[in-house]
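Okay, structure first, notes after.
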Amino acid sequence: MCSTSGVKARALLRKTLEQTRYRIREAYDEAFFSRGKHHELADRGRIGWHPDFEERVKNLIRAARA
């Protein structure tokens with residue numbers, strides 16, 4: 001069973017992936033470009049995939065070093 005925040009997060013992700021297509025010039029709105037822009041924003045820390053993303057990554061790194 002999913003938590004309320006998990007359900008909301010999945011719904012937001014689904015909506016984002018379905019609705020966003022970036023048009024940079026006429027007749028060019030390739031899906032790979034939109035996905036790449038999302039990854040770019042995440043790489044810059046402008047958006048994240050989970051509210052506790054940074055903490056989870058730190059925990060994974062700590063566990064891998066142990």
| request: Return the pairs, sorted by first residue and then second, in which the second residue is small (Gly, Ala, Ser), the first residue lies in the stretch 41-66 and is more than 22 Å from Ser3 (Cα to Cα), the beta carbons are less than 8 Å apart, and the residues are 6+ apart or on different chains. | output: Ala42/Gly48
| Single residue of the stretch 46-66 satisfying the filter (within 25 Å of Leu17 (Cα to Cα) and basic (Lys, Arg)) that is most open to solvent (accessible area, probe 1.4 Å) | Arg46
| request: Collect the residues in the stretch 50-64 that are assigned to a helix (DSSP H, G or I) and under 25 Å from Lys8 (Cα atoms), keeping them in residue-number order. | output: Phe53, Glu54, Glu55, Arg56, Val57, Lys58, Asn59, Leu60
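The values are calculated or read from the model by the stated rules, or taken from the named source; none is laboratory data. Not measured: the values here are computed from a predicted model. FYI the Cβ positions are ideal-geometry reconstructions off the backbone, even for glycines, and counts take in every protein chain you see. Quick note on the areas: whole protein, heavy atoms, side chains included, nothing else; ligands and nucleic acids left out. Shrake-Rupley method; radii C 1.70, N 1.55, O 1.52, S 1.80 Å.
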